[in-house]
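The values are calculated or read from the model by the stated rules, or taken from the named source; none is laboratory data. Worth saying up front: this structure is predicted, and the values here are computed from it rather than measured. Counting neighbours? That spans all protein chains shown, and the Cβs are built from the backbone with ideal geometry, glycine included. Ligands, DNA and RNA are excluded from the accessible area calculation, which covers all protein heavy atoms including side chains. Shrake-Rupley method; radii C 1.70, N 1.55, O 1.52, S 1.80 Å.
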Amino acid sequence: MTDITSPHQSVSAGWQSTSSSMTAAIGGTPLIRLKRASEETGCDIYGKAEFMNPGGSVKDRAALAIIEDAFRTGALKPGGTVVEGTAGNTGIGLTLVAQAMGCKAIIVVPETQSREKLDFLRMIGADLRLVPAKPFRDPGNYVHVSRRLAEETGAFWANQFDNTANREGHRTTTAVEIWNQTGGKIDAFTCACGTGGTLAGIGMGLREQAAAAGKTSPKIVLADPEGSALYGWVKSNDLTISGGSITEGIGQGRVTANLEGCAPDDAERIADPEALEQIFALTAEEGLSVGGSSGINVAAAIRTARKLGPGHTIVTILCDGGARYQSKLFNPEFLRAKNLPVPSWLA
Ligand code: PMP
């Protein structure tokens, strides 16, 4: 859907060239070789540095793709309002992109999300509505609250879970960037799911790029936290949930429209201590400060590398930065209360 010549969208060149606007600076993120993960496995493991987007996360891409699509269809016009339910990062992306394009945003977030994301949303002028955390089947769930709010006010509902403009943004930008940055040498891609837009969009895009080049498709591997049903869906077509995770923005109990038609080839279930070990090592040994979902993604990339054996190339996503979770993932009291490891420099 997104024309790569659009003034708001860039492929690969974003951080190397001048940008006509904030939205043109979304995407074009570096692919960083992860030293420890690569050395431990004998593979080349790369992280796509999505924390470098203007709003600080991978969700800037979905926000831009959804708003551009809504402008194209006329569902949103300059001066209009976009409403969305989000764990925070989509809300940050939508608010910034909306403001850059002459619109406003109303953002509905469960009150359990990190203080840093909520403060950021307030700081940038989002109309923030906090709601109690409720399961999807409950009418009070943040997604349903945001849908009703849009219906009542006549605003545009972004509907990131089931609006496939989300994955289209990744298919036409992120996947193309990864293919070009690796020179088409990519054996596997690992990624966690919230909406599934990142996994499905990049997965579909990489399969298309490989087919066009006459190459074997890279393996698309779901990285799933405890408490999400998607691992069971991939492994045994069974959506059952057990356990829980301190990671935010990922984990899903249903097959969203964004996930439909993009069956991952494999899945890894990653528990919080394994993800935290990666996050703390990336920080201390490689100078990369990332959040919880990045830890899940890197842990799954390492497991995938071990399954494939040395000499392979695996790409994953560094979804957002550690500063967004200072009060949780980098808070010794929070970690100790949950019986989780504390990084040595904070102990
Ligand atoms: N990581 C973080 C930190 C997120 O906020 C999100 C989105 N909520 C994801 C990963 C998952 O991305 P997607 O919605 O594209 O599946």
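Expressed as a whole percent, the accessible area of the range 135-237 that falls on carbon and sulfur atoms is 48 (1.4 Å probe).
Of the peptides 127-133, 93-99, the order by per-residue mean of other Cβ atoms within 10 Å, starting with the highest, comes out as 93-99, 127-133.
Annotation: per residue accessible area for the range 107-152 equals 54 Å², rounded to a whole number [probe 1.4 Å, protein chains only]. Atom-type composition of the exposed protein surface of the range 23-110 places 53 percent of the accessible area on carbon and sulfur (1.4 angstrom probe).
Net charge of the neighbourhood of Asn166, taken over other residues with C-beta under 13 Å away and scored Lys/Arg +1, Asp/Glu -1, is -3. Only beta bridges with both residues in the range 190-347 are counted; by DSSP, about 10 percent of them are antiparallel. Compute the signed sum of charges (Lys and Arg +1, Asp and Glu -1) over the other residues within less than 13 Å, Cβ to Cβ, of Ser57. The answer is 0. For the range 127-171 versus the range 217-257, the inter-centroid distance based on Cα atoms is 20 Å. Hey, rough spin-label estimate for Glu111 and Ala323, points 7 angstrom out along Cα→Cβ, what's it come to in nanometres? Each label point is offset 7 Å from its Cα along the Cβ direction, giving 2.8 nm. For the pair the range 43-85 / the range 277-313, the C-alpha centres are spaced 25 Å from each other. Here the spin labels are modelled as points 7 Å beyond Cα on the Cα-Cβ line, and at Ala212 and Asn180 they lie 1.1 nm apart. Of all DSSP bridge pairs formed entirely within the chain, close to 15 percent run antiparallel.
Scoring 32-38, 226-232 by mean Cβ neighbours within 10 Å over their residues and listing the highest first yields 226-232, 32-38.
When you count the other C-beta atoms within 10 angstrom of each residue and take the mean per peptide, 209-218, 111-120 line up highest first as 111-120, 209-218. Per residue, the accessible area of the range 184-295 comes to 34 Å², computed with a 1.4 Å probe over protein heavy atoms only.
Per residue, the accessible area of the range 19-60 comes to 32 Å², computed with a 1.4 Å probe over protein heavy atoms only. With each label modelled as a point 7 angstrom along the Cα→C-beta vector, the Arg306-Ala337 pair spans 3.2 nm. Fully extending the segment from Lys134 to Leu239, taken as 0.36 nm per residue of separation minus the present Cα-Cα distance, adds 35.9 nm.
Solvent-accessible area assigned to carbon and sulfur over the range 238-347 amounts to 50 percent, based on a 1.4 Å probe. Grab the beta carbon distance between Glu285 and Asp119, set R0 = 22 Å, and tell me the FRET efficiency rounded to 0.05. The computed FRET efficiency comes out at 0.15. Shape verdict for the range 11-90, please, from the Cα gyration tensor: rounded (a/c under 1.5), prolate (a/b greater than b/c) or oblate. It is prolate, given that a/c is not under 1.5 and a/b is the larger ratio.
Considering all C-alpha pairs of the chain, those separated by over 38 Å amount to 10%.
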